[in-house]
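Written out below as structure tokens is the structure these notes cover.
The values are calculated or read from the model by the stated rules, or taken from the named source; none is laboratory data. All values reported here derive from a predicted model rather than from experimental measurement. No Cβ is skipped: glycine too gets one built from the backbone with ideal geometry, and neighbour counts run over all protein chains shown.
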Amino acid sequence: MKKNIFLYLFVFAALLALFQFVTGNNMQKTLTSDIKQLKEEVVQLEDSLQTMHLKVLDMQYFTLENNDDALAYYEHLNLENPSLYIQDKLLETNEGKGDNPLIPYEGMESDFKINKIKVLNHKWILADFSDGKYWGDLIIKYELKDNLSVDFTLVEHLLYAPQEY
């Protein structure tokens with residue numbers, strides 16, 4: 001009887017070891033496939049990040065901040081960020097009552113105001129304007145003077161046709 005108990009214990013221990021071996025092997029295969037999948041995702045995300053970085057560099061190409069030749073025009077003014085200063089001055093034209101004086105259209109829903117601004121270099125600005133429903137784009141020529149005043153001159157404008165939904 002004692003012999004049978006040891007035999008049963010040995011068989012039980014062997015079955016337990018076999019179960020542990022199979023379970024561990026399956027778990028290891030699953031984890032290996034998960035790691036492989038995650039490594040592929042990392043590679044894909046790194047490629048995506050590199051693509052986005054190149055797009056950002058492309059978008060920054062036409063900006064005052066990245067144009068050393070254009071920034072040289074403002075070195076004597078001791079402005080920390082000339083682009084931001086010019087944007088602030090352009091946004092100040094929105095403060096008057098009614099439409100912005102640089103926008104050659106009358107607002108239809110409300111007053112036309114400048115929303116987004118991109119300072120291209122030491123002479124030109126791209127701007128977006130809207131009245132809430134209608135919108136358009138402007139090309140503005142500007143001159144930053146030594147006394148830090150800024151003169152804006154509208155060069156070209158475009159009002160988009162409304163889109164019906």
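Answer yes or no as to whether LYS3 is in a helix (DSSP H, G or I), of a type in the set (Lys, Arg), over 29 Å from the mean Cα position of the chain (by Cα) and more than 24 Å from LEU126 (Cβ to Cβ).
Yes: the conditions hold for LYS3.
Scan the stretch 111-124 and give yes if some residue there is touching a Lys or Arg at 6+ places or on another chain (Cβ under 7 Å) and of a type in the set (Lys, Arg), otherwise no.
For the stretch 111-124, residues touching a Lys or Arg at 6+ places or on another chain (Cβ under 7 Å) and of a type in the set (Lys, Arg): present.
Look through LEU16, LEU77, LEU64 and report the one residue that is surrounded by 10 or more Cβ atoms within 10 Å (Cβ to Cβ), of a type outside the set (Phe, Trp, Tyr) and touching a Ser or Thr at 6+ places or on another chain (Cβ under 7 Å).
So the residue among LEU16, LEU77, LEU64 that is surrounded by 10 or more Cβ atoms within 10 Å (Cβ to Cβ), of a type outside the set (Phe, Trp, Tyr) and touching a Ser or Thr at 6+ places or on another chain (Cβ under 7 Å) is LEU64.
Look at TYR8 and say whether it is surrounded by 10 or more Cβ atoms within 10 Å (Cβ to Cβ) and within 20 Å of ILE125 (Cβ to Cβ). Quick ask: steps written out before the conclusion?
Values: surrounded by 10 or more Cβ atoms within 10 Å (Cβ to Cβ): yes; within 20 Å of ILE125 (Cβ to Cβ): no.
So TYR8 does not fit the description; no.
Go through the stretch 118-137 residue by residue and tally those that are surrounded by 17 or more Cβ atoms within 10 Å (Cβ to Cβ) and touching a Pro at 6+ places or on another chain (Cβ under 9 Å).
Number of matching residues: 3.
Looking only at the stretch 50-60, decide whether some residue is basic (Lys, Arg), in contact (Cβ under 8 Å) with a residue 24 or more places away in the chain and closer than 29 Å to GLY136 by Cβ.
The initial filter retains those residues of the stretch 50-60 that are basic (Lys, Arg), namely 55.
Subset that is in contact (Cβ under 8 Å) with a residue 24 or more places away in the chain: none.
No, every residue in the stretch 50-60 fails to be basic (Lys, Arg), in contact (Cβ under 8 Å) with a residue 24 or more places away in the chain and closer than 29 Å to GLY136 by Cβ.
Among the numbered conditions (1) hydrophobic (A, V, I, L, M, F, W, C); (2) closer than 29 Å to TYR160 by Cβ; (3) modelled with pLDDT under 90, tell me where ILE117 comes up short.
The single condition ILE117 does not satisfy is (3).
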